[in-house]
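Everything below concerns the one structure shown next.
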Amino acid sequence: MPPVNPVDPQRDVLLVVDVQNDFCPGGALAVPGGDAVVPAANALVARFEHVVLTQDWHPPGHLSFASSHPGRAPFETVEFDYGAQTLWPDHCVQGSAGAALHAGLDAKRAELVVRKGFRPRIDSYSAFCENDRVSPTGLAGYLRERGFTRVFLCGLATDYCVAFSALDARRLHFEAVVLLDACRAIDLGGSLDQALASMRAAGVVLAQSADLG
Ligand code: VGL
Ligand code: ZN
């Protein structure tokens, strides 16, 4: 495991990804053990001076929902204009209880909440850039303008929104550290192993909260 340099309160930011009811047990797209990230994320929030959250935030009838494709079922893959797209159960519909942040998440010190996936025809796993790979969320500019150079990530799901965010962070020239004990995966057909391998190859540091010392 590569070492993690000590946290620098001015240059490091914690990005807490999609800790929302729909990704927790009982939710529409429940990640196994999803709510177990809440205490781990709260412990991280307490250690960082600067915290940013993301919220998956889809309009009703979003094109990533299987329900928008007659004859298709959740977790099937289809071709969109921008390439392959997994179809999901309806989830994180704007303003719904499922889209709300988990009530146990310590969100009060969050300095920014990035909402993504609001374009009706484009899904967005990454906090930086939508699945068409060209529509930015604005997060990279925000982080640069504030002088952050390293992004620590936790949340849901390891193999989708966390991994895509960490990979984009690298592509956009940030250092990236994923704290795996504070993440849980969907793991669809090997997606977790694939995500871990892609992150390692891209120079994402895969670590545990305890590695922060
Ligand atoms: C996510 C699938 C669909 C995630 C969001 O937060 O990982 N996964 N929308
Ligand atoms: Zn989504």
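Give the Rg/Rh ratio for segment 153-206, taking Rg as the radius of gyration of the Cα atoms and Rh as the Kirkwood radius, to two decimals.
0.93
Give the order of V52, V134, V204 when sorted by the count of other beta carbons within 10 angstrom, beginning with the fewest.
Least crowded to most crowded, the residues run V134, V52, V204.
Which order do peptides 189-197, 154-162 fall in by mean Cβ count within 10 Å, highest first?
154-162, 189-197
Note down the nm distance, to one decimal, between modelled labels 7 Å out along Cα→Cβ at R121 and at S67.
Going by the 7 Å Cα→Cβ label model, 2.2 nm.
Toward the positive end of the charge dipole of the chain, about the Cα centre and with charges on Cβ (Lys, Arg +1; Asp, Glu -1), which of Y142, G203, L172 goes farthest?
The one lying farthest along the dipole's positive direction is Y142.
Suppose each label sits 7 Å from its Cα in the direction of the beta carbon; what would the A202-A46 distance come out to in nanometres?
Going by the 7 Å Cα→Cβ label model, 3.1 nm.
On a C-alpha basis, how far is the centre of segment 1-42 from the centre of segment 102-134 in Å? Whole number, if you could?
What the calculation gives is 13 Å, centre to centre.
For E76, E130, what's the fewest-to-most ordering of other Cβ within 10 Å of each Cβ?
Final ranking by Cβ density, sparse to dense: E76, E130.
Which three numbers, in whole Å and largest first, are the semi-axes of the equivalent ellipsoid of segment 76-185 derived from its Cα gyration tensor as √(5λ)?
One finds semi-axes of 22, 19, 14 Å for segment 76-185.
With r as the distance between the Cβ atoms of L188 and E79 and R0 = 25 Å, compute the FRET efficiency 1/(1 + (r/R0)^6) and round to 0.05.
The value I calculate is 0.90.
For R11 and R144, compute 0.36 nm times the residue count separating them, minus their Cα-Cα distance, and round to one decimal in nm.
Contour length minus the Cα-Cα distance gives 46.9 nm.
Could you give me the percent of Cα pairs per 10 Å distance bin for the chain, shortest bin first, beginning at zero and ending with the bin that holds the maximum distance?
The calculated distribution, bin by bin, is 9, 38, 39, 13, 2, 0.
Tell me the Rg and the Dmax, in Å, that the Cα atoms of segment 55-106 produce.
Considering segment 55-106 through its Cα atoms, Rg and Dmax are 12.7, 40 Å.
Any read-out appearing in this document is the output of simple, stated calculations on the displayed coordinates, not a laboratory observation. Given the structure is predicted, the values throughout are model-derived calculations rather than measurements. Every residue, glycine among them, receives a Cβ derived from its backbone with ideal geometry; neighbour counts consider all protein chains shown.
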